[in-house]
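One structure below.
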Amino acid sequence: MSYSTDRSKRSWVFKGLTASILAAGMGLASPGFAQEEIDVSIVSGFSPAVAAVKMLKESFMPNVDARLAETGNYKINWQEAFSGTLAKPAGELEAIETGLADMGVIPTAFHADKLPVYQIGYVTPFTTTDLVLIHEVVDGLVDKYPAFRDTWTGLNQVTLSASGIPDNYILCSAEPITSLSDIDGLKVAGAGPNLRWIEPAGATGVTGSLGNFYQLVETGVVDAMLVWGEAVVSLKFYEVCEHYFNANLGGVNSYVINANQQAWDSYPDEVKEAMIAAAKQYGVDIGNFAAELGSKARDTFVANGGSVVEIDPQERADWAATLPNLAQEWVASLEASGVPAQDILSEYMQAMRDANQPVARQWDEQ
């Protein structure tokens, strides 16, 4: 595969789909044409303050609406189930599986046991900070390798697109961190899979979520959190963490937009096409949003009396080299179940090298 790093070029495919994929052969609705309304419940345990939900409301849903408005044949009546009203954070997968919700965004990090192939970003840290690139590469892998879509068969779901929000994991802490050695002895909150990045440095990992990281630091349960710039700004983590250590750990694919199988089967093709196109545009938009807001995190920290430390490049390289071979462990586990994980990993890493990303470790090397 070849992937461009020019974001303006990447998004043209999705922005151009409105005219080419929907209008062709359908024609505009006549004044007497009865528009069909379709109820769709969309779920996330997080609130609209979290980027994944914010961009559902500002990108995915309006893009579906705009595409369908081209012909006027269908209209979606969105039924928002956010902020824990239908499912708590990490409960989205089950809500969609059981049909409690028609569709939604699922944080894949919280389901490593059920979604192992989707953990590819979490087993390749220190690789890239370009979320749009990650979105494009992973979506390409999903299209090429059946193992990704087969993941959802037993979970009664259809996947529309993969995306991410952590563009660059950093350590946000109550006490100063100026080097890797300062992590030794700290209790650090993370999503789960990413805790393996800091535990070899002597930290104790505590699994949490964006919904409780603030409280965990505020109450002293943990000393630091493994997060990213956009979350620092959006969720005001700088209020409880005075110190920002840019470890330059990189970004990951962390979300999928999925639909319940029965709900999906009931949608007309035009609606399905609009949702798929909008889900792919969501991956671009959320990546750009994370980069834009994340770039303000350092200044926000300083403006609120905090400190910012950039990791030394050599220390970053040394850190990456001393981690367990997370990717090859992942490969061995998946290959044992018949998934061509080494091929998937090699293609992912080659795409990153081709895009001149700051790869600190060649994870596909055995």
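Counting Lys +1, Arg +1, Asp -1, Glu -1, what net charge surrounds Val308 among other residues with beta carbon under 13 Å of its beta carbon?
Result for the local shell: -1.
Could you point to the residue in Ala69, Val309, Gly205 farthest towards the positive end of the chain's charge dipole, with +1 and -1 charges on the Cβ of Lys/Arg and Asp/Glu respectively?
Ala69
Just add up the charged neighbours of Gly192: K/R +1, D/E -1, any other residue whose Cβ is under 14 Å from the Cβ of Gly192.
That works out to 0.
Evaluate the Debye formula for the stretch 268-366 with equal point scatterers sitting on the alpha carbons, no solvent, and hand back log10 of I(q)/I(0) at q = 0.17, 0.19, 0.23, 0.25 Å⁻¹, in q order, two decimals.
Result of the Debye calculation: -1.06, -1.09, -1.13, -1.16.
Calculate, axis by axis, the spread of Cα positions in the chain along the three principal axes, and write the results as whole Å, longest axis first.
Between the extreme Cα coordinates on each principal axis of the chain lie 71, 43, 38 Å.
Asp65: accessible area at probe 1.4 Å, nearest 10 Å²?
About 60 Å², rounded to the nearest 10.
Given a 1.4 Å probe and the protein chains all in place, what does the accessible area of Thr71 round to, in Å² to the nearest 10?
Surface open to solvent at Thr71 totals about 10 Å².
Set the Förster radius R0 to 45 Å, insert the Cβ-Cβ distance between Arg353 and Glu36 as r into 1/(1 + (r/R0)^6), and round the FRET efficiency to 0.05.
Here the calculated transfer efficiency is 0.40.
Give me the distance in nm between label points sitting 7 Å out from Cα along the Cα-to-Cβ direction at Asp65 and Asp299, one decimal.
3.1 nm
Filter the cross-link list Lys54/Lys236; Lys57/Lys88; Lys88/Lys114; Lys88/Lys236; Lys57/Lys144; Lys57/Lys296 down to pairs whose alpha-carbon distance in this structure exceeds 27 Å.
In this structure, Lys57/Lys144 lie more than 27 Å apart at Cα.
With Kirkwood's inverse mean 1/r over C-alpha pairs for Rh, give me the Rg to Rh ratio of the stretch 59-176, two decimals please.
Value, to two decimals: 1.00.
The values are calculated or read from the model by the stated rules, or taken from the named source; none is laboratory data. Since the model is a prediction, treat every value here as computed from it, not as a measurement. Don't worry about glycine lacking a Cβ; one is built from the backbone with ideal geometry, like all the others, and counts go over all protein chains shown. Note: accessible area is taken over every heavy atom of the protein model, side chains too, but ligands, DNA and RNA are not part of it. Shrake-Rupley method; radii C 1.70, N 1.55, O 1.52, S 1.80 Å.
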